[in-house]
Amino acid sequence: EPAGAIAEAQMRKLPRILAAMRANKARILQGIGEVPGMARRRVPDPEGDGSSSVTWFLPDAELAGRFVAALRAEGIPSAQIYDGRPVYATPSILERRTASGKGGPWNCAEHPTSVAYRMGMCPRTEDLVSRSVSIAVGAAFSTVDCDDSAEAVRKVARHLL
């Protein structure tokens, strides 16, 4: 019951939080505008978008890494999607290591599988995440925070693209 009561109270806040994030994201994107050399990640349902970031794809991985570093130097929270690698590139997944040491889910007696992950299995995904640049968007961002984020992206783009 206590967990349910807390969840209910938090859920009442959700519409306000999502509205603030959407407004902040719109302000940042409007402030940046279109930047040649930066392809913005397609969002299939902009009205329903509740993500806490804006993502672009640059021409190559090296440039994306430099772009993220420059944004961080400007004080803008930024990163590459999954640190520039697909989620299955995590060593524990590639090497089939588990927290329990029992081998599950790969060596599970109840659910046997021959699934194996390897680099190269999703080349388009690997390419996109390696060229990704994401900046954070927070519900508590002020208009100054949003404008600073937009200006930093434009500044870095002027110098690197």
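Only the coordinates and a few stated rules stand behind these numbers; no lab work does. For clarity, every value in this text was computed on a predicted model and none was experimentally measured. Backbone-built Cβ (ideal geometry, glycine too); neighbour counts: all protein chains shown.
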- prompt: Anyone know which of 74, 126, 47 comes out most mobile in the 10 Å Cα GNM of the chain?
  reply: 47
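Take the eigenvalues of the Cα gyration tensor for the stretch 23-70, scale each by 5, and report the square roots as semi-axes in whole Å, largest first. Spell out each step's value before the answer.
Numbers: eigenvalues 91, 28, 23 Å².
Working through the eigenvalues yields semi-axes of 21, 12, 11 Å.
Pull out the extension gain between residue 99 and residue 85, defined as 0.36 nm times the separation in residues minus the alpha carbon to alpha carbon distance; nm, one decimal. Don't jump to the answer; show the numbers that get you there.
Values: separation 14, 0.36 × 14 = 5.04 nm, distance 2.14 nm.
Result: 2.9 nm gained on full extension.
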field: Most mobile of 38, 11, 119 in a GNM of the chain (Cα contacts under 10 Å)
entry: 11
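Charges at C-beta only: +1 for Lys and Arg, -1 for Asp and Glu. How large is the resulting dipole of the chain about its Cα centre, in Debye rounded to 20?
The dipole of the chain has a size of about 140 debye.
Summing +1 for each Lys or Arg and -1 for each Asp or Glu, what net charge is found among the other residues whose Cβ lies under 10 Å from the Cβ of residue 56?
On the way: positive: 40, 41, 131; negative: none.
So the surrounding residues net to +3.
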message: Only Cα pairs within less than 10 Å get springs; with that Gaussian network setup on the chain, which residue of 118, 12, 66 has the largest fluctuation?
response: 12
- request: For the stretch 14-161, build the charge dipole from Cβ charges (+1 Lys, Arg; -1 Asp, Glu) around the Cα centre, then report which of 46, 112, 76 sits farthest towards its positive end.
  value: 112
- line: the chain: spread of alpha-carbon positions along the three principal axes, whole Å, largest first, is 55, 49, 29
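Run the numbers for residue 72 and residue 60: contour at 0.36 nm per residue of separation, minus the present Cα-Cα distance, in nm.
Extra length available between residue 72 and residue 60 comes to 2.5 nm.
Rounded, prolate or oblate: which one fits the stretch 14-97, using the alpha carbon gyration tensor with axes a ≥ b ≥ c (rounded when a/c is under 1.5, else prolate when a/b beats b/c, else oblate)?
Details: a/c = 2.00, a/b = 1.33, b/c = 1.51.
Taking the square roots of the gyration eigenvalues as a ≥ b ≥ c, the stretch 14-97 is oblate.
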field: Cα long-axis angle, helix 143-160 against the chain (0 to 90 degrees, to the nearest 10)
entry: 80 degrees
- prompt: In degrees, nearest 10, range 0 to 90: what is the angle between the Cα axis of helix 61-73 and the longest Cα principal axis of the chain?
  reply: 60 degrees
Per DSSP, loop chymotrypsin sites (Phe, Trp or Tyr not before Pro) in the stretch 18-107 with at most 14 further Cβ within 10 Å: none
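Take every Cα pair under 8 Å in the stretch 47-161 that's 6+ residues apart, average their separations, divide by the length, and report that relative contact order as a whole percent.
Numbers: 125 pairs, mean separation 50.8, N = 115.
Reported relative contact order: 44 percent.
What Kirkwood hydrodynamic radius do you get for the stretch 90-161 when you take the inverse of the mean 1/r over all pairs of distinct Cα atoms, in Å? The partial results should precede the final answer.
On the way: mean 1/r = 0.0604 Å⁻¹.
Taking the inverse mean of 1/r over all distinct Cα pairs, the stretch 90-161 comes out at 16.6 Å.
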